[in-house]
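Each value in this text was obtained by applying a stated rule to the coordinates, not by laboratory testing. Predicted model, so just to flag it, every value in this text is computed and none were measured. Reconstructed Cβ throughout: ideal geometry from the backbone, glycine too, with neighbour counts over all protein chains shown.
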Amino acid sequence: MFLLCEKLRKRITSTTLAGSVALTLASPGVNAQADIDKENFELGVFTGIINIGDFGSEWLAGISANFQASENFFLQYNYLQADAGLSSFEESQGRYFSGSDRNFVHYDLLVGYKLFQAEVYPREGKANLSSFYLVGGVGETRFGDEENFTITAGIGYELALTRDLIVRADYRNYIYESSLIRDEEETVQSAQFSIGLGYLF
């Protein structure tokens, strides 16, 4: 009798476990993971103002590409152009150079780190992700028939408008050596402030 009861208990237990597993696998909640946003790549455009040393501040236009390597770290490529105005010396003595040499072109590859991530609630029941981040890296600046190795550092803020669209504001500082103004090379710092829009895919 004892052996018969024990076999019956084991069979009931096995049947119950099998049924539970089958119900769990069939549950729609398990497939909810498929709805999680997995996009890691982003393409964007931006515009703003850049200070080109003695040549004043000008409007810029650029494109960017981001890759989200982890929750906090990302890689970013940027390319921008601006048309330089006249320096204070050129206004009185004439232009140093003209034509395409007056196009300020910069591109870089940066590593970014998200310092603070939070949710913004523009209206009740609706949360938008946002974050402050730091970026740093290297690139090249072409201006006045010079091509200069450039160090880039900056800070930014991004806000997800929708699941696919992100708006961001950035401040960047470009540091490079130039001899356009003087015979010997000097350190030039070009500051940039821009607003951009990115699309995740």
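Here are the numbers for the structure shown:
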quantity: Using a Förster distance of 41 Å, the FRET efficiency for S98-L43 (Cβ separation, nearest 0.05); calculated: 0.75
quantity: Positive-pole candidate from S57, S70, T47, dipole of the range 35-77, charges at beta carbon; calculated: S57
quantity: Distance in nm between pseudo-label sites at V105 and Y157 (7 Å out along the Cβ direction from Cα); calculated: 3.4 nm
quantity: Using a Förster distance of 30 Å, the FRET efficiency for E147-F116 (Cβ separation, nearest 0.05); calculated: 0.25
quantity: For the range 41-200: rounded, prolate or oblate by the Cα gyration tensor [a/c cutoff 1.5]; calculated: prolate
quantity: Karplus-derived 3J(HN,Hα), 6.51/-1.76/1.60, for each residue of the range 70-82, Hz, glycine and proline x; calculated: 8, 4, 10, 9, 8, 10, 9, 10, 10, 9, 9, 9, 8
quantity: Sorted by Cβ neighbour density within 10 Å, fewest at the top, the residues R102, R163; calculated: R163, R102
quantity: Förster-model FRET efficiency, 30 Å R0, A69 and F89, C-beta, rounded to 0.05; calculated: 0.10
